[in-house]
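Here's the structure we're looking at; comments come further down.
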């Protein structure tokens, strides 16, 4: 996308004003436009990826030193119970968290589209607010809310003389995190859907009403299909994000009494391997393996939705 | 998550690249180890600006005083101190700096169980040529052995961690426990007694202090590792012996019956529990009171409620003394000036003023014999323990009986796996015996991956 824009700007120059050899100069101009982005892109994305790819082909042992490993790290990664366990968790997590977030976001957006006035503006802001809070702060805040000693959940429970469940214990950590993630991201998705809704021509609603459609029918039969591409976009975002789950569990780890393990998600595992066990080679391989899984998941998703969403066709 | 974590996949890689790319570059007066970080942004004030500055990473709670003492007493070299994290977070930073060949401090505080892991990577400097043997006379043979390999000395010892049973005298009195448990059987029986009477949990089986569990395994007679840096490639791993299983089963059963807590230690929730008397005992080391006091335990309404007894034994006729933590100062091989750094490593926390402050606040249990044998130290009535003469009665005998331990060169990994197993035991997903067997398999697999020959 960013590549095309400057080029088309170049071709927009009237032909008469281009001197001889203009093709070359146009090309140069194009590159100049791209340059700032390209530099950052190469320095912070391409080069690190290439370097990590290179690292992943080697192996380093405490007693052996560095040796060439070829694809050994990759075969090891896909057979590694820690990696598979983490992968299984994020897959399980995404099956629930993605629909949940989208339903919350869609319902909120549809409601906000119906109502007007000061309340609507205020609600919109409030629903969006969690996204404006940095992930780390949000996670820390929930860590406090969940705390069995200081947290309000426990205090409310003790008011009724019962013990509140610790939402980060082994059995509950799935739900504890589900809550944090949904809280943090639904507002953001709501804004995307809401923006798509605002882009719909209102005469369509009028036509629907003349045909006898009620408010609910308009919402479900007209609005939802028309924001289909926005929904597809959100799905891809949240799928990628959930498979790369890292920040929230990493922040909540120290207070989770061991239920968030070093191999809780593939990303945490890669981080742990690199920065605690100094296995940069294997960590790179794990990162690439995860990248591959994300790629496959997104490709499958796009294949399934190829007819419905106009976004990817 | 989402966009922002797209970065997190790339971030480690970016960092690795950045660090590696710069590895060969600037300021190349150092040896093979790479370049140390520059001694800027010190937490402390430099007294003599013109002197050579040495960057130190340490986390002793009274470090500010210790550094000031050193800097006031030296004109040729100055310590520039940063707290890079307590224990594991600091080791992770150091490990990354070693991999990057750049960014390590000149002098670093390390626990005894971490030394071998860094020695095997050639990350530490042998201090023997820089005057280490001049201070050898200040330490017991055992303490010196912990920091050396043959004739090589890799760190200057500061403090040890003889373990004992810290307990709440008020809780014991309330539930009629007249004498602290002398054996682990009595400990379990007392725990049941307190619980049946509706009291608090007796202790805590926290997953994030695997070093404590390892010490308790060693107390029963387990020897998890046999390793000698002189024979670099061979290691013996024995984590599935009966002694290890017994200890893990013992704590697993206490935790299952709800007699001890399952909370991680040093968290805000845990400290709040310590303050509130939620735990009747605390199996811990001599330096613990200093950290607890710093976190607000044993003050106000809680003042004088704590007492300490010798660590319970498996066989009271053959008591075994064990150790948790205790640290030393090592010089990293990334330092630009080995002599100046060695001077700091050997001189920091070695002066009387610092040592006295350290033991009086119970931040350290000093290993310096001059302190250990001094009347002031032996007869000190410790406030935290309501005036008990704990040094003479409990900790010095424990330290004298401590025989030393052998650590593996991958302590960080071993602790992480033990931690995961303890968490599983606490959640009722495995038994102590099964955890020991699984742990053995994990560690053996890992050792082989790292290129060791496992005996």
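The values are calculated or read from the model by the stated rules, or taken from the named source; none is laboratory data. The shown structure was predicted, so the numbers you read here are calculated from the model rather than taken from an experiment. Because the Cβ atoms are built from the backbone with ideal geometry, glycine has one as well, and the counts that use them run over all protein chains shown.
The single condition among (1) over 21 Å from residue B:112 (Cβ atoms); (2) more than 10 Å from chain A (Cβ to nearest Cβ) that residue B:426 does not meet is (2).
Looking for whichever is more than 9 Å from chain A (Cβ to nearest Cβ), surrounded by 22 or more Cβ atoms within 10 Å (Cβ to Cβ), under 25 Å from the mean Cα position of the chain (by Cα) and closer than 27 Å to residue A:282 by Cβ here; the options are B:436, B:398. Which one fits?
B:436
State which residue is surrounded by the fewest Cβ atoms within 10 Å (Cβ to Cβ) when the search covers only the range A:113-151 and only residues that are within 14 Å of another protein chain (Cβ to nearest Cβ) and more than 28 Å from the chain's Cα centre (by Cα). Among those that are within 14 Å of another protein chain (Cβ to nearest Cβ) and more than 28 Å from the chain's Cα centre (by Cα), it is A:150. Looking only at the range B:129-171, residues that are outside the structural domain of residue B:107 (by TED's automatic domain parsing) and in a helix (DSSP H, G or I) come to 3 in all. If you scan the range A:234-279, which residues turn out to be closer than 21 Å to residue A:53 by Cα and assigned to a helix (DSSP H, G or I)? Answer for the range A:234-279, where residues must be closer than 21 Å to residue A:53 by Cα and assigned to a helix (DSSP H, G or I): A:240, A:243, A:266, A:267, A:268, A:269, A:270, A:271, A:272, A:273, A:274, A:275.
Looking only at the range A:99-133, how many residues end up being farther than 20 Å from residue A:220 by Cβ and in contact with a helix residue (DSSP H, G or I) (Cβ under 7 Å, 6 or more places away or on another chain)?
From the range A:99-133, those farther than 20 Å from residue A:220 by Cβ are A:116-133; that's our starting set.
Keeping just the survivors that are in contact with a helix residue (DSSP H, G or I) (Cβ under 7 Å, 6 or more places away or on another chain) gives A:120, A:123-124, A:127-131.
Count: 8.
Looking at B:414, B:407, just one residue is part of a loop (DSSP other than H, G, I, E, B), within 23 Å of the chain's Cα centre (by Cα) and within 14 Å of chain A (Cβ to nearest Cβ), and that residue is B:407.
For the subset of the range B:270-305 comprising residues that are assigned to a helix (DSSP H, G or I) and in contact with a helix residue (DSSP H, G or I) (Cβ under 7 Å, 6 or more places away or on another chain), which member is modelled with the lowest pLDDT? Break it down into steps so the answer makes sense when it comes.
Applying the first criterion (assigned to a helix (DSSP H, G or I)) to the range B:270-305 yields B:270-275, B:288-294, B:300-302.
When the remaining residues are screened for being in contact with a helix residue (DSSP H, G or I) (Cβ under 7 Å, 6 or more places away or on another chain), the result is B:274-275, B:289, B:292-293, B:302.
Values: B:274: 86, B:275: 84, B:289: 88, B:292: 87, B:293: 85, B:302: 78.
Once the filter is applied, the top-ranked residue is B:302.
Restricted to the range A:88-190, the set of helices (runs of 4 or more DSSP H) holding at least 2 residues that are within 30 Å of residue A:225 (Cα to Cα) comprises A:118-132. Return the residues of the range B:245-268 that are closer than 14 Å to residue B:208 by Cα and part of a helix (DSSP H, G or I); say none if nothing qualifies. The one that is closer than 14 Å to residue B:208 by Cα and part of a helix (DSSP H, G or I): B:268. Scanning the range A:272-294 for residues that are within 9 Å of chain B (Cβ to nearest Cβ) and within 11 Å of residue A:86 (Cβ to Cβ) yields A:272, A:290. Report whether or not residue A:195 is under 22 Å from the mean Cα position of the chain (by Cα), modelled with pLDDT of 90 or more, in a helix (DSSP H, G or I) and more than 14 Å from chain B (Cβ to nearest Cβ). When the stated conditions are applied, residue A:195 passes them. Summed over the range B:332-364, residues that are in contact (Cβ under 8 Å) with a residue 40 or more places away in the chain, crowded, with 24+ Cβ neighbours inside 10 Å and in a helix (DSSP H, G or I) total 6. Of the residues making up the range B:367-395, those that are touching a helix residue (DSSP H, G or I) at 6+ places or on another chain (Cβ under 6 Å) and under 15 Å from residue B:169 (Cβ atoms) are B:382, B:384.
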